[in-house]
Amino acid sequence: MSRPVFRFAPSPNGDLHLGHALSAMLNAEAARTAGGRMLVRIEDIDLDRARPAFVQRILDDLDWLGIDYERPVRRQSEHLADYRAALDRLAGMGLTYPAFASRAEIRAAVASREAEDGRAWPRDPDGAPIYPGLDRDLPVETAATRIAAGEPHAIRLRMDAAVERTGPLSWTEEGEGPAGETGLVRGDPAAWGDVVLFRKDAPASYHLAVVVDDAAQGVSHVIRGRDLFHATAVHRLLQSLLDLPAPVYRHHRLILGPDGRKLSKSVASTSLRALRAEGATAEDIRRLVGLSG
């Protein structure tokens, strides 16, 4: 019987904070308890935000925390062909289309439709407006001409067709969702609308890259923050479409800041590096994230 495989997958767009520490420690402890393997993956596919300098800082923090993981680590930037192959496979099923509307144009279209209808436009589980389908029915020839001319575009998933192809989907949840969901959870990928799978500044979206990577690395158990609970429905959809195995999921509590919001590198939440500079120990970090022993 193969050993269970766990992973911690940070993005090198800033220093690790307490929320990352909790996730890394939970994965490492689960791997140790199960006699499994612990992997680290650097999710550096966001070309605008990823910074090579942060990679070593992340690994230094993990070593300081005492996280034992296998080397070498996987870096997404070295596997772009894998994501392209998955994207091409979805395109071959007729499940993708190019979308040229900018973020500003999408916001304007949503605002216009809200004003027209007198009610709020549907939002996805993260609170963002569902894509209004501006380029969904663009003639193939027109889209090809615009792409050949170098016009910036994204590739989106035809969600309705994808859901029809797979039928109902579920996953095994060993943690707990925002409303207490656990056990066998029914996913609702349609709640996200036509999600982005590719854009010019990221050769694969998080959704596409994470399922390809988890399958390639044989990840059997995904332990991550509760903020990604609802996104699991999209991941199960892509796994089903691409004939990839489904890991067991465990979504853990989030570490919140004084304002009640989850910690984020983008708002300069206290980093592990800063805490270490102030004299904190790895045991202090365990205490701060609510882990005993």
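Consider only pairs whose beta carbons are under 7 Å apart and that are at least six residues apart or on different chains; among these, list those whose first residue lies in region 233-246 and is among the β-branched types (Val, Ile, Thr) and whose second residue is outside any helix (DSSP H, G or I).
So the pair list comes out as 234/195.
Name the single residue, out of those in region 197-210 being touching a residue at least 40 places away in the same chain (Cβ under 8 Å) and not in a loop (DSSP other than H, G, I, E, B), that is surrounded by the fewest Cβ atoms within 10 Å (Cβ to Cβ). Working first, answer last.
Initial filter on region 197-210 (touching a residue at least 40 places away in the same chain (Cβ under 8 Å)): 197-204, 206, 208-210.
Next, only the ones that are not in a loop (DSSP other than H, G, I, E, B) stay: 197-199, 202, 206, 208-210.
Details: 197: 23, 198: 20, 199: 18, 202: 21, 206: 20, 208: 28, 209: 24, 210: 25.
By that ranking, first place goes to 199.
Within region 76-92, identify whether any single residue is under 22 Å from the mean Cα position of the chain (by Cα), free of Cβ contacts under 8 Å to residues at least 60 places away in the same chain and not in a helix (DSSP H, G or I), and answer yes or no. Walk me through it before giving the result.
Initial filter on region 76-92 (under 22 Å from the mean Cα position of the chain (by Cα)): 76-91.
Imposing the further condition that a residue be free of Cβ contacts under 8 Å to residues at least 60 places away in the same chain reduces the set to 77-78, 81, 85, 88.
Next, from what is left, pick out any that are not in a helix (DSSP H, G or I): none.
Among the residues of region 76-92, not one is under 22 Å from the mean Cα position of the chain (by Cα), free of Cβ contacts under 8 Å to residues at least 60 places away in the same chain and not in a helix (DSSP H, G or I), which makes the answer no.
Could you tell me whether region 1-16 includes any residue that is aliphatic (A, V, I, L, M) and without any contact (Cβ under 8 Å) to a residue 24 or more places away in the chain?
So in region 1-16, the residues aliphatic (A, V, I, L, M) come out as 1, 5, 9, 16.
Those left that are additionally without any contact (Cβ under 8 Å) to a residue 24 or more places away in the chain: 1.
The answer is yes; a qualifying residue exists.
Inside region 12-66, can you point out the residues that are under 29 Å from residue 84 (Cβ atoms) and aromatic (Phe, Trp, Tyr)?
Scanning region 12-66 gives a single hit, 54.
Quick one: would you say residue 8 is crowded, with 20+ Cβ neighbours inside 10 Å and not charged (D, E, K, R)?
So residue 8 passes the test.
Specify which of the listed residues (99, 128, 120) is aliphatic (A, V, I, L, M), surrounded by fewer than 13 Cβ atoms within 10 Å (Cβ to Cβ) and within 25 Å of residue 212 (Cβ to Cβ). Step through it out loud before you land on a result.
Values: 99 fails: surrounded by fewer than 13 Cβ atoms within 10 Å (Cβ to Cβ); 120 fails: within 25 Å of residue 212 (Cβ to Cβ).
128 is the lone residue from the list that is aliphatic (A, V, I, L, M), surrounded by fewer than 13 Cβ atoms within 10 Å (Cβ to Cβ) and within 25 Å of residue 212 (Cβ to Cβ).
For residue 24, work out the one condition from (1) farther than 19 Å from residue 209 by Cβ; (2) under 19 Å from the mean Cα position of the chain (by Cα); (3) part of a loop (DSSP other than H, G, I, E, B) it doesn't fulfil.
Among (1) farther than 19 Å from residue 209 by Cβ; (2) under 19 Å from the mean Cα position of the chain (by Cα); (3) part of a loop (DSSP other than H, G, I, E, B), the lone unmet condition for residue 24 is (3).
Any residue in region 111-134 that's farther than 18 Å from residue 188 by Cα: show its pairings with residues that are aliphatic (A, V, I, L, M) and exposed (fewer than 11 other Cβ atoms within 10 Å of the Cβ) at Cβ separation under 8 Å, as long as the two are six or more apart or on different chains.
114/120
Considering only region 34-75, how many residues are under 20 Å from the mean Cα position of the chain (by Cα), of a type in the set (Asp, Glu) and surrounded by fewer than 19 Cβ atoms within 10 Å (Cβ to Cβ)?
1
Among the residues of region 27-48, what is the count of those that are of a type in the set (D, E, K, R), in contact with a helix residue (DSSP H, G or I) (Cβ under 9 Å, 6 or more places away or on another chain) and assigned to a loop (DSSP other than H, G, I, E, B)?
First, pick out the residues of region 27-48 that are of a type in the set (D, E, K, R): 29, 32, 37, 41, 43-44, 46, 48.
Now drop any that are not in contact with a helix residue (DSSP H, G or I) (Cβ under 9 Å, 6 or more places away or on another chain), which leaves 37, 41, 43-44, 46.
After this cut, where a residue has to be assigned to a loop (DSSP other than H, G, I, E, B) as well, the list is 43-44, 46.
Qualifying residue count, region 27-48: 3.
Can you run down the residue pairs with Cβ atoms below 9 Å, 6 or more apart or on separate chains, where the first is in region 169-185 and farther than 11 Å from residue 249 by Cα and the partner is outside any loop (DSSP other than H, G, I, E, B) and polar (S, T, N, Q)?
Pairs that qualify, where the first residue is farther than 11 Å from residue 249 by Cα and the partner is outside any loop (DSSP other than H, G, I, E, B) and polar (S, T, N, Q), are 169/239; 169/240.
Filter region 131-181 for residues that are hydrophobic (A, V, I, L, M, F, W, C) and exposed (fewer than 11 other Cβ atoms within 10 Å of the Cβ); which is nearest to the chain's Cα centre (by Cα)? First the steps, then the outcome.
First, pick out the residues of region 131-181 that are hydrophobic (A, V, I, L, M, F, W, C): 134, 138, 140, 143-144, 147-149, 154-155, 157, 159, 161-163, 169, 171, 179.
From what's left, exposed (fewer than 11 other Cβ atoms within 10 Å of the Cβ): 140, 148-149, 179.
On the way: 140: 30, 148: 30, 149: 31, 179: 20 Å.
Among those that are hydrophobic (A, V, I, L, M, F, W, C) and exposed (fewer than 11 other Cβ atoms within 10 Å of the Cβ), it is 179.
Kindly list the number of the only condition in (1) in a helix (DSSP H, G or I); (2) at pLDDT 95 or above that fails for residue 10.
(1)
Scan region 156-196 for residues that are assigned to a strand (DSSP E or B), among the charged types (D, E, K, R) and closer than 20 Å to residue 85 by Cα and jot them down. Give the steps one after another, and end with the answer.
The first filter runs over region 156-196 and keeps only residues assigned to a strand (DSSP E or B), leaving 156-157, 170-173, 183-186, 196.
Narrowing further to those that are among the charged types (D, E, K, R): 156, 173, 186.
Matches in region 156-196: 156 only.
The values are calculated or read from the model by the stated rules, or taken from the named source; none is laboratory data. Predicted, not measured: the structure shown is a model, and the values here were computed from it. Please note: Cβ atoms are built from the backbone with ideal geometry, for glycine as well, and neighbour counts cover all protein chains shown.
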